[in-house]
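Report on the following structure.
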Amino acid sequence: MLKIYTDLKDAQRTILNRRRPETPLPEALQQSLRRIFGRDLAPAAAVAEILADVRSRGDAALRDWTARIDGVTLDRFAIERDEIAAAADRLPADLVDSLRFAADRIRRFHSHQPLPSWTTNDMGGRLGQKMAPLDRVGVYVPGGTAPLPSTLLMSAIPAQVAGVKDVSVVTPPGRNTGTVSDVILAAAHVAGMDTLYRLGGAQAIGALAYGTESIPRVDKIVGPGNLFVTLAKQQVFGVVGLDGLAGPTETVVVADKSANPAWVAADLLAQAEHDVLATAILFTPSMKLAEAVQVEVAKQLEERSRGSIIAASLAGQSGIVITRDVEEGVRLADEFAPEHMCLATENPEQWQGQVTHAGGLFMGERSFEVLGDYVAGPSHTMPTGGTARFASPLNVLDFVRITSIVALDDETCAALSPHAARLAFAEQLDAHAQAALFRTKDVRR
């Protein structure tokens, strides 16, 4: 049952509280760590051990950890172009058509994002910035409880639009099989990928960060993953760039009495089926809608194949919060800073200007979040855990670097140098000051 909160303070202590204590590691995960490492080990320490081994032993470490964790011995990691293309031929034609449809919309959307290089002469000499794509990018595509071809498209295509020439995709091999789902391979084919690597977990992040005999080192790693992938990304930051540290997915719906309760319930269930730690919250001033949604959730849950995951998510960190009015619902949702915010109201445009903290803003019941997951156009890799307060969805700017251009003339150099020297002396950096003062004596020297 999806709980209805009529007391806002109760909701703020529980489902709206991002500072709740971390839950203990599940016993199954602790047992898995004991099996793999032969002793009790915290996840962060386990990840550090894997990364150090990959950095030291390269491919040999990758094979060992893949055998221990995934139960498969790999003779090679790379899946080449012919194998990728063959997978697309094995799938139903309409599914491949939908992959192409999604890829086209993702590419068209990101092609609209500007990447300006510019210069100006109005500050003396020439100043500006140069935009250039990153050389190499790694994309992590999860493949644990379900294959996620959409993540490949949503991550690799913005990098391609930005001009990145070398995009390496890693995805876990099937446990005890070593295979990769045909639908992920088909997505790679549709995106124009030449190579995909069968590799998952912390060892895959280590391979991308440090490079091995078979897998090239990259400049930035993007893409979501499980706890171990996230910890590995955190530990290699600085060696490589990151898109962010993805937490459990979340959606917030703000709805008024005009909303369709069956649709709202379906949207909440769609989010909850990702993960037992996923969050699905409804804000509404209408008790009638809240009760109808509650009934619909219970009804639809019986028909869902991932019902146990959904039920755990709904019981753990999800719920319906009754607000005074829509305005309060929007305010509370914005304070929560969700990954996805959906405005299922009669006039969603009325509230758009009041939303400043959301990874994605979905306007109206026809612009529902599942379309954003697959085919709307923007990348579905969005900030989680409240990081929408300062972070953005994955976009082409994540795959470029900016170089500042400074080319000053003699007159500007002479005018700026005394100010620079004065500021340097204030910071007790007399070598800095002297470098500037030399120019004031003879700017042509």
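Tell me, please, whether a residue that is modelled with pLDDT of 95 or more, touching a Gly at 6+ places or on another chain (Cβ under 7 Å) and assigned to a loop (DSSP other than H, G, I, E, B) can be found in the range 205-215.
Yes, some residue in the range 205-215 is modelled with pLDDT of 95 or more, touching a Gly at 6+ places or on another chain (Cβ under 7 Å) and assigned to a loop (DSSP other than H, G, I, E, B).
For the range 280-313, name all the residues that are of a type in the set (A, V, I, L, M), surrounded by 22 or more Cβ atoms within 10 Å (Cβ to Cβ) and under 27 Å from the mean Cα position of the chain (by Cα).
Listed by number, the residues that qualify are Ala280, Ile281, Leu282, Ile310.
Give the residue that is surrounded by the most Cβ atoms within 10 Å (Cβ to Cβ), with candidates limited to residues of the range 222-256 that are touching a residue at least 40 places away in the same chain (Cβ under 8 Å), out of contact with any strand residue (DSSP E or B) (no Cβ under 9 Å at 6 or more places or on another chain) and part of a loop (DSSP other than H, G, I, E, B).
Ala246
Only one of Leu361, Leu282, Leu314 is closer than 15 Å to Ala11 by Cα and either among the aromatic types (Phe, Trp, Tyr) or not in a helix (DSSP H, G or I) (or both); which?
Leu282
So, in the range 364-390, how many residues would count as being in a loop (DSSP other than H, G, I, E, B), buried (at least 17 other Cβ atoms within 10 Å of the Cβ) and of a type in the set (S, T, N, Q)?
Count: 3.
Name the residues in the range 257-279 that are modelled with pLDDT of 95 or more, assigned to a loop (DSSP other than H, G, I, E, B) and crowded, with 17+ Cβ neighbours inside 10 Å, would you?
Of everything in the range 257-279, just one residue is modelled with pLDDT of 95 or more, assigned to a loop (DSSP other than H, G, I, E, B) and crowded, with 17+ Cβ neighbours inside 10 Å, namely Ala259.
Name the one entry in Thr179, Thr145 that is closer than 20 Å to Ala85 by Cα, surrounded by fewer than 24 Cβ atoms within 10 Å (Cβ to Cβ) and modelled with pLDDT under 95.
After ruling out the rest, the residue left standing is Thr179.
For the range 323-338, indicate whether the set of residues that are closer than 25 Å to Asp10 by Cβ and of a type in the set (S, T, N, Q) is non-empty. So that I can check it myself, show each step before the final result.
Kept after step one, since they are closer than 25 Å to Asp10 by Cβ, are these residues of the range 323-338: 323-338.
Cutting the leftovers down to of a type in the set (S, T, N, Q) gives us 323.
Yes, the range 323-338 contains a residue that is closer than 25 Å to Asp10 by Cβ and of a type in the set (S, T, N, Q).
Could you go through the range 212-221 and let me know if any residue there is touching a residue at least 24 places away in the same chain (Cβ under 8 Å) and within 15 Å of the chain's Cα centre (by Cα).
yes
So which of Asp373, Asp398 ends up being within 12 Å of Ser150 (Cβ to Cβ) and outside the structural domain of Ala103 (by TED's automatic domain parsing)?
Answer to the selection: Asp373.
When you scan the range 109-129, do you find a residue that is of a type in the set (Lys, Arg) and either in the same structural domain as Val222 (by TED's automatic domain parsing) or over 20 Å from Leu208 (Cβ atoms) (or both), even just one?
Within the range 109-129 (the criterion being of a type in the set (Lys, Arg) and either in the same structural domain as Val222 (by TED's automatic domain parsing) or over 20 Å from Leu208 (Cβ atoms) (or both)), the answer is yes, since at least one residue qualifies.
Taking the range 426-437 as the search range and keeping residues that are of a type outside the set (Gly, Ala, Ser) and either within 44 Å of the chain's Cα centre (by Cα) or assigned by TED's automatic domain parsing to the domain that holds Asn121 (or both), which one is farthest from Gly124 (Cα to Cα)?
Result: Gln428.
Does the range 23-31 contain any residue that is closer than 24 Å to Ala311 by Cα and of a type in the set (Gly, Ala, Ser)?
Scanning the range 23-31, I find at least one residue that is closer than 24 Å to Ala311 by Cα and of a type in the set (Gly, Ala, Ser), so the answer is yes.
Which residues, taken from the range 326-343, are among the aliphatic types (A, V, I, L, M) and either free of Cβ contacts under 8 Å to residues at least 40 places away in the same chain or not in a helix (DSSP H, G or I) (or both)?
Ala337, Met341, Leu343
Give me the helices (runs of 4 or more DSSP H) completely within the range 46-117, filtered to those with at least 1 residues that are farther than 16 Å from Ala202 by Cβ and touching a residue at least 12 places away in the same chain (Cβ under 8 Å), ordered by residue number.
Details: elements: 59-70, 81-90, 93-111.
Answer list for the range 46-117: 81-90, 93-111.
Return only the number of the condition from (1) under 23 Å from Val240 (Cβ atoms); (2) surrounded by 14 or more Cβ atoms within 10 Å (Cβ to Cβ) that Ser56 does not satisfy.
In the conditions (1) under 23 Å from Val240 (Cβ atoms); (2) surrounded by 14 or more Cβ atoms within 10 Å (Cβ to Cβ), Ser56 misses (2) alone.
The values are calculated or read from the model by the stated rules, or taken from the named source; none is laboratory data. All figures in this text were calculated on a predicted structure; none of them were measured in a lab. Glycine also receives a Cβ, built like all others from the backbone with ideal geometry; neighbour counts cover every protein chain displayed.
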